[in-house]
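To start, the structure itself, in structure tokens.
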Amino acid sequence: MFSDLPIEEYFQYQPPKTEDRLKKHEAINTAALEFAKAIDQNVVDSSTRDMALAFVMQARMFANQGITVDEIMEKSIE
């Protein structure tokens, strides 16, 4: 599951600094927000709506972490 990176890399906050990474994070964040809005506007049952929104939040978080790991891996290869 974990790449060849030291485990500590997964637990350090590494804000996006490069333009490429900022754009990728923004694309993920925008798509997640639009999906969350659609869920919020169309799902009446509060328990399933809340669960769906929580999973969108998790998906956004893991996708952005994946973008970060990709960048770290690229730098370690260089």
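The values are calculated or read from the model by the stated rules, or taken from the named source; none is laboratory data. Please read these numbers as outputs of a predicted model, since none were measured by experiment. Don't worry about glycine lacking a Cβ; one is built from the backbone with ideal geometry, like all the others, and counts go over all protein chains shown.
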| message | On the basis of being of a type outside the set (Ser, Thr, Tyr) and part of a helix (DSSP H, G or I), does residue 41 make the cut? | response | yes
| The one condition in (1) at pLDDT below 90; (2) of a type in the set (S, T, N, Q); (3) in a helix (DSSP H, G or I) that residue 14 fails to fulfil | (3)
| said: Checking the structure you have, find out if any residue of region 25-37 is more than 16 Å from the chain's Cα centre (by Cα) and under 23 Å from residue 54 (Cβ atoms). | reply: yes
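Residue-wise test of (1) surrounded by 12 or more Cβ atoms within 10 Å (Cβ to Cβ); (2) in contact (Cβ under 8 Å) with a residue 40 or more places away in the chain; (3) farther than 25 Å from residue 7 by Cβ; (4) not aliphatic (A, V, I, L, M).
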residue	(1), (2), (3), (4)
19	no, no, yes, yes
22	yes, no, yes, no
27	yes, no, yes, no
36	yes, no, yes, no
48	no, no, yes, yes
53	yes, no, yes, no
56	yes, no, yes, no
63	yes, no, no, no
70	yes, no, no, yes
